[in-house]
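Report on the structure given below.
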Amino acid sequence: MRPITTATKSNAKLIAALEDQPAGIAIAGAKAGTHSARLLPLRAGKTLIPNDDHTILVGKYPLTRPLTLVMDLGQAPDKTAANREFVHYALSHPGQVQAILSGFFPFDPPTLRAQNMKIDAEAPGTGMQPGQPRDTQAKSNAKSGVSR
């Protein structure tokens, strides 16, 4: 590893700085904005693993990390309900579209269904059964097919 020569406050600024250094190498988010920087594949033994949307979406690119939402469900009931509603939105079709537009990769449909069931099962006092859609819109969103 070489010493750091440029420090930036964001991935987008890092990529912009990299564009002025043709031999420069950096690690940044795959969706760090539009740029002319070349994305490099990884090498695992003799195998090259491309750094492209398809490889990332199917889980073959190893340098990824999931976005994790941590919610305190032990708060006052109104805050717990608001947190749960936010998570439902994040897992809904409109929420996944917003995530994609923000540069994140979407969840796959099985993960979406499992996470919605988990949130619904952890909703004490709601009268909901695990996996029961909250409303018709939720049922429609669960079938929409937006992924990871």
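The values are calculated or read from the model by the stated rules, or taken from the named source; none is laboratory data. These figures come from a predicted structure and were not determined experimentally. Every residue, glycine among them, receives a Cβ derived from its backbone with ideal geometry; neighbour counts consider all protein chains shown.
Below are the figures for this structure:
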{"quantity": "Some residue of the stretch 93-101 being touching a strand residue (DSSP E or B) at 6+ places or on another chain (Cβ under 8 Å), under 29 Å from Ala7 (Cβ atoms) and either surrounded by 15 or more Cβ atoms within 10 Å (Cβ to Cβ) or modelled with pLDDT of 75 or more (or both)", "calculated": "no"}
{"quantity": "Per-region count, the stretch 35-61, residues in a loop (DSSP other than H, G, I, E, B), closer than 25 Å to Leu18 by Cα and modelled with pLDDT of 80 or more", "calculated": "6"}
{"quantity": "Residue list for the stretch 65-92, filter: in contact (Cβ under 8 Å) with a residue 12 or more places away in the chain and either polar (S, T, N, Q) or closer than 30 Å to Ile27 by Cα (or both)", "calculated": "Leu67, Leu69, Met71, Asn83, Val87, Ala90, Leu91, Ser92"}
{"quantity": "Some residue of the stretch 47-58 being in contact (Cβ under 8 Å) with a residue 24 or more places away in the chain, surrounded by fewer than 12 Cβ atoms within 10 Å (Cβ to Cβ), farther than 17 Å from Ala121 by Cβ and of a type outside the set (Gly, Ala, Ser)", "calculated": "no"}
